[in-house]
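The values are calculated or read from the model by the stated rules, or taken from the named source; none is laboratory data. From a predicted model like this one, the values you see are computed outputs, not experimental measurements. So basically every Cβ, Gly included, is an ideal-geometry build from the backbone, and we count neighbours across all protein chains shown.
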Amino acid sequence: MKKIFFLGFIILSVISCKAQSIQPIKKAIDYRRAGGIPDNTYLKDVNNLLTKYIGTWKGTYQDKNYTLYITKATSKYETITWDMLLIRYLITTSNGNVLENTQNLPDNNTYIIEGSYFGKDLAVYALDFTGKNAMCGNAGTIFIRTKNATNTLMSFGFEPNKTMISEDTCPGFKTAELTFPKDGLMLTKQ
């Protein structure tokens, strides 16, 4: 009798479970355009598209040194799972003074740059950025792209969000200083 009950329980469990659909991360842009990712979907890096970005990257722009630490992570929200890149960064002046440092922050910290999707041609990867004073305009989308066959040179573009600021959050309606230049950066893999 115990065996029959146990077997019945297993059969019911299997029938009631919804299988997770594994899809390549390159489909994220299609789901985004269609209005959302279906429940029980895992957007997985099955083709290792993210691998070329993983590592430490350095570049300089207008007397500031930028060091990016890029890692791969898996995130889950309700029934959706996806592989993505996370970027931590260290920004210093040309004489070594630290302006920003997110190296030791946990993955779920607001200031960690979080991957979102590949463009249709898979050459550009978009990430979401929320910096200090985000309510005053220091937030947006970052676009990264390797620029050579050996994947040792990368362009880094920043497009700030179009944000309505208020006197309450931004005294004098003053926009925040941007963490990253809008003109973009060229970075070299270390």
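Points to keep in mind about this one:
- Taken over the stretch 67-82, residues that are more than 26 Å from residue 100 (Cα to Cα) and surrounded by 20 or more Cβ atoms within 10 Å (Cβ to Cβ) amount to 1.
- In the stretch 33-55, the condition of being of a type in the set (Phe, Trp, Tyr), within 24 Å of residue 134 (Cβ to Cβ) and not in a strand (DSSP E or B) is met by at least one residue.
- 3 or more residues under 21 Å from residue 56 (Cα atoms) and without any contact (Cβ under 8 Å) to a residue 40 or more places away in the chain: qualifying strands (runs of 3 or more DSSP E) within the stretch 69-146: 80-93, 98-101, 125-130, 139-146
- Failed criterion for residue 61 (all others in (1) surrounded by 14 or more Cβ atoms within 10 Å (Cβ to Cβ); (2) modelled with pLDDT under 95 hold): (2)
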